[in-house]
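Working notes, structure below.
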Amino acid sequence: MVQEEEAEKLEERLRKLGVDEPMVEDVKEDEADDDDDADTEGDKETIANDGSKQSRSEQKSHKAIMKLGLKPVIGASRINIERNKNDMFPRGADIRLVSGHPEVYEPCDDSFALVDALLADRGNLLNHKARFCMEIGCGSGYVITSLAIILGKENSGVHYFTSDINPDATRVTQKTLFAHGVHAEIINTNIASGLQKRLVGMMDVIVVNPPYVPTSEEEVNCKGITVSWAGGHNGRTVIDRILPVVDELLSDRGWLYMVTLKANNPSQICLVMRKKGYASRIVVQRSTEEESLLVIKFWREGLDDVNDGNITSSSLGFGSWFGRK
Amino acid sequence: MRLLTHNMLSSNVKGVVNGFPLRLEASSWVEKEVEFNADFLRSMFPKIDWPALAGAAQKIGYAALPDTADATMLESEDFLKKFHHALLEIHVEEGALVCPESGRRFPINKGIPNMLLNEDEV
Ligand SMILES: C[S@@+](CC[C@H](N)C(=O)[O-])C[C@H]1O[C@@H](n2cnc3c(N)ncnc32)[C@H](O)[C@@H]1O
């Protein structure tokens, strides 16, 4: 069974990460042993950019460009980047890319951070006995496929929904899911439009790696690959549209895992969620040479955290929004 | 697209008040076996709009579901099996979902419904 092999690989990855305990990790990408942009060791190759496909590094460069506030020149967006030969797609949860598309986001550090957060919280996820899980903005399908595999063996009655605004992404996701023997219902839509009414309060787990790069507002309304990173002002435009939808969709015991960038002002995001009744904590924290990523978990406060005696502390500052789920 | 999803989708076009259920037009579908889970079905039953499910199943030639259903039927293994089949095992591959109020068509291609709206529809 494909699924079992994948699960084993995941477990190995999990062992490397070290046990089921929730964790906070702060890895400088250039110090990590699985570094994908190592500048000294390894054979390097220059990627031939003869097609229109953007490599991960190119996507990253694009993001870096956006962050500098520069506009990439249309038609001159090919960038030659050297990268390590063994920097192939499968990293993290060892999900194979069976299909790609120039307009679909290839899994990147942010995707890996999100899956690592799910792996780090795997013990809780398995006990959670989720009935419905959802990913908003599935891109290549890397994250939703990983989630289905993580929960797969032990939680057979879980059903998955996933959405993307980019039609090409929904098709790539379908192939990725299929290749790994898992299923999710895929909907080509804006956030969860069309599902919002009937799925209210039904999602036990929602995962989101949103477009979070600070850009102009025009870019948010572009199509294709641009919408995978273009986050508008402070990278918050799409995030701020997603949060109220997530609040509607989550069940009383629902959890949200979301990737954010330091530039998104995560403490303010936690405050917004706090006002809706959610506690939060950082599951993974990771700095690469370009960005500082946080994966934050949110849950409705006052439900199980009080029972567990994990009452959110109320010290000052960022820490005050984090409970201990 | 499973009929479960059909049961969860409604028209999102601006101004539409009653956008559910979407009328299903299916030109091709497949059946895929899914592990039977009675607990899931029992817990889902109250969330399911039964006439919408039975109607959609009928559209694809699966007429085994009763027109109406109530919770007492969940005791019957036979009923659960049919409910399971209709809800999870029939996948619509090609077709459309039609808004009952505005007539707007949402295409289904390769099993993926497209609920994207044009600018003037949001
Ligand atoms: C940063 S990428 C993440 C892709 C994938 N989940 C991953 O982690 O590799 C963000 C994804 O969200 C999608 N997206 C952006 N805006 C969206 C919206 N309003 N509704 C649904 N999906 C959206 C993009 O098309 C893209 O696939």
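The values are calculated or read from the model by the stated rules, or taken from the named source; none is laboratory data. Source: prediction; values computed, not measured. Note that each Cβ is placed from the backbone with ideal geometry, even for glycine, and that neighbours are counted across all protein chains shown. When the accessible area is computed, the model is the full protein with side chains, heavy atoms only, and any ligands, DNA or RNA have been set aside. Shrake-Rupley method; radii C 1.70, N 1.55, O 1.52, S 1.80 Å.
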Worksheet, complete the sentence: The percentage of Cα-Cα pairs in the range A:168-230 separated by more than 17 Å is 56 percent
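What net charge is computed for the residues neighbouring residue B:99, neighbours being all others with C-beta under 14 Å from the C-beta of residue B:99, Lys and Arg scored +1, Asp and Glu -1? Let's see the in-between values first.
Values: positive: A:197, B:14, B:23, B:104, B:105; negative: B:25, B:101, B:121.
Local charge sum for residue B:99: +2.
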Worksheet item: Taking the Cα-to-Cβ direction at residue B:30 and at residue B:47 and moving 7 Å from each Cα, how far apart do the two end points lie in nm?
Response: 2.6 nm
Worksheet entry | Accessible-area value, residue B:35, 1.4 Å probe, nucleic acids and ligands omitted, Å² | 130 Å²
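For the range A:93-322, report the convex hull volume of the alpha-carbon atoms normalised per residue, in Å³, without decimals. Working shown, then result.
On the way: hull volume 26.7 nm³, N = 230.
Cα-based convex hull of the range A:93-322, divided per residue, equals 116 Å³.
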Worksheet item: Under Stokes-Einstein, with the Kirkwood radius over Cα pairs standing in for Rh, what whole-number D in µm²/s applies to the range A:184-297 at 10 °C and 1.306 mPa s?
Response: 108 µm²/s
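Using DSSP to define loop residues, name the trypsin sites (Lys or Arg not before Pro) in the range B:5-54 whose beta-carbon has at most 13 other beta-carbon atoms within 10 Å.
Working: sites: B:14, B:23, B:32, B:42, B:47; in loops: B:14, B:32.
Answer in residue order: B:14, B:32.
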Worksheet item: Which links in A:297/B:81; A:197/A:276; A:129/B:32; A:175/B:14; A:129/A:197; A:197/A:262 stretch past 27 Å when you go from one Cα to the other?
Response: A:297/B:81; A:175/B:14; A:197/A:262
Worksheet item: What net charge do the residues around residue A:259 carry, taking every other residue with its C-beta under 12 Å from that of residue A:259, with Lys and Arg at +1 and Asp and Glu at -1?
Response: -2
Item to complete: Can you tell me the 0 to 90 degree angle between the C-alpha axis of helix B:50-59 and the longest principal axis of chain B, rounded to 10?
Response: 80 degrees
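Hey, what's the per residue convex hull volume over the C-alpha atoms of the range B:3-114, in cubic angstrom?
Working: hull volume 11.1 nm³, N = 112.
Residue-normalised Cα hull volume stands at 99 Å³.
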